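Beneath this line is the structure, given in structure tokens, with notes to follow.
The values are calculated or read from the model by the stated rules, or taken from the named source; none is laboratory data. Everything quoted here is computed from the prediction, not taken from an experiment. So basically every Cβ, Gly included, is an ideal-geometry build from the backbone, and we count neighbours across all protein chains shown.
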Amino acid sequence: MLKRLTVLMVLAFLASTPSAFAQKVEISGTVGWTLSDGVEATTPVLAPDGAIYDAVDLKDSFSWGLMGGYNVTEQVEVGFMWGQQLSRLDLEGTRLRELGDLTISTYHGYVGFNFFDVDATARPYFFFGLGATNFGSVDFTNVLGQPRSTGSETQFSTTWGAGVKVFGGGNVGARAGIQWTPTYIKSDPGGWWCDPYWGCYLVGDPQYANQLTFGGGVIFRF
């Protein structure tokens, strides 16, 4: 009788304590530092201030974000992530001209893969996402002292990331990793490509604005 009662108590305890996989939703808040770069101009531009500008660059800066994922299986995760960086838009050439503050926002749906057992303390992961990057409007004053604005622009982007999640046995954990987000900006003429069947045609040389983020944060698992 006592043995049977003990077994029933153990089963009741296990039923009342959800496994890690039963907690299928993960919500994360992240902070980090983002290295950003811009693109080169197709042709250099001689500006009214006498300088020649041939590139648009972005400033490295602090960033943060949110992401939410659903564990379809013990290894596969799908979700959505949002990130924001307070950068600055610069013109480069024979002179550096700082135009103004620029807010960069990213929106991506993603698919991730988590290694090791679902109950492991540390789980390496990687993910791939598709979505868009928005470059906010930049208000500035031109060389003639006139107020101007660049306007907002949204472009297609992908995002790639890897890192590690750490759980201490509860519903709260931590994550640390790296994330690369290349955003398509434009294509420059790249030359001619010829094929015996299709003939010859002009191909483009795509340019991307890149964000490389090193960061981490807290995970809440439900």
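Could you give every pair whose Cβ atoms fall below 7 Å, whose first residue belongs to the range 69-80 and is under 14 Å from Phe126 (Cα atoms), and whose second residue is among the basic types (Lys, Arg) and surrounded by 15 or more Cβ atoms within 10 Å (Cβ to Cβ), counting only separations of at least 6 or pairs across chains?
Matching pairs, first to second residue: Asn71/Lys24.
Just to verify a result, which residue in the range 42-59, among those that are in contact (Cβ under 8 Å) with a residue 60 or more places away in the chain and not in a strand (DSSP E or B), is farthest from Leu96 (Cα to Cα)?
Pro48
For Gly109, are the conditions met, namely being under 20 Å from Tyr208 (Cβ atoms), touching a strand residue (DSSP E or B) at 6+ places or on another chain (Cβ under 9 Å) and loosely packed, with under 14 Cβ neighbours inside 10 Å? Talk me through it step by step, then tell me what you get.
Working: under 20 Å from Tyr208 (Cβ atoms): yes; touching a strand residue (DSSP E or B) at 6+ places or on another chain (Cβ under 9 Å): yes; loosely packed, with under 14 Cβ neighbours inside 10 Å: yes.
So Gly109 fits the description; yes.
If I filter the range 8-41 down to residues being in contact with an Asp or Glu (Cβ under 6 Å, 6 or more places away or on another chain) and outside any strand (DSSP E or B), which single residue comes out as modelled with the highest pLDDT?
Gly38
Considering only residues that are touching a Phe, Trp or Tyr at 6+ places or on another chain (Cβ under 8 Å) and buried (at least 18 other Cβ atoms within 10 Å of the Cβ), which ones fall in the range 42-68?
Ser63, Gly65, Met67
When you scan the range 83-99, do you find a residue that is out of contact with any His (no Cβ under 9 Å at 6 or more places or on another chain), under 17 Å from Gly129 (Cα atoms) and not small (Gly, Ala, Ser), even just one?
Scanning the range 83-99, I find at least one residue that is out of contact with any His (no Cβ under 9 Å at 6 or more places or on another chain), under 17 Å from Gly129 (Cα atoms) and not small (Gly, Ala, Ser), so the answer is yes.
Step by step: first the residues of the range 178-194, then only those that are more than 11 Å from the chain's Cα centre (by Cα) and either under 22 Å from Thr106 (Cβ atoms) or surrounded by 12 or more Cβ atoms within 10 Å (Cβ to Cβ) (or both), then the one that is modelled with the highest pLDDT. Which residue is that?
Of everything passing the filter in the range 178-194, Tyr184 is modelled with the highest pLDDT.
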